[in-house]
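Single-structure report; data block below.
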Amino acid sequence: MAINYGFEKYSNAFRALQAKGGWQSRLQKALTLIVPVSPKDIPPALQERHAAIKAAGGEGQIQATMSQMNETEGLRLIDQIEAMYSDLKAAAKHPPQ
């Protein structure tokens, strides 16, 4: 099922955010993992949030976006990714019937 792919990528991104290192390198790694995820890989109720995370991360221009992002913006995006992971985890435990 495609949604499992989205959950797997966000799970890997969450782990990347928990690793040692500065916020920029951790966020860049997480975004690199998330960008390939398409809307069909995310439950419909979470697709808009996923699109906003990808847009904030610059999609294919991650390095350029990261160089212009200040720490407050970066930490806010990290929080959004972590919340998305949490919601995807809950959705995986209770899939729609």
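Close contacts from the stretch 68-84, counting a first residue that is among the acidic types (Asp, Glu) and a second that is at pLDDT below 95 and in a helix (DSSP H, G or I), with Cβ to Cβ under 9 Å and a gap of 6+ residues or different chains, come to Glu71/Trp23; Glu71/Gln24; Glu73/Ala56.
Would you point out which residue out of Ala13, Ala45, Ala19, Ala52 is within 17 Å of Glu82 (Cα to Cα), buried (at least 16 other Cβ atoms within 10 Å of the Cβ) and of a type in the set (A, V, I, L, M)? Give the steps one after another, and end with the answer.
Working: Ala45 fails: buried (at least 16 other Cβ atoms within 10 Å of the Cβ); Ala19 fails: buried (at least 16 other Cβ atoms within 10 Å of the Cβ); Ala52 fails: buried (at least 16 other Cβ atoms within 10 Å of the Cβ).
Just one listed residue meets the conditions, Ala13.
Picking from residues in the stretch 30-62 that are assigned to a helix (DSSP H, G or I), within 10 Å of the chain's Cα centre (by Cα) and not small (Gly, Ala, Ser), the one that is nearest to Leu77 (Cα to Cα) is Ile53.
The values are calculated or read from the model by the stated rules, or taken from the named source; none is laboratory data. Because the structure is predicted, anything quoted here is derived from the model rather than measured. In this analysis, Cβ positions are derived from the backbone assuming ideal geometry, glycine residues included, and neighbour counts consider all displayed protein chains.
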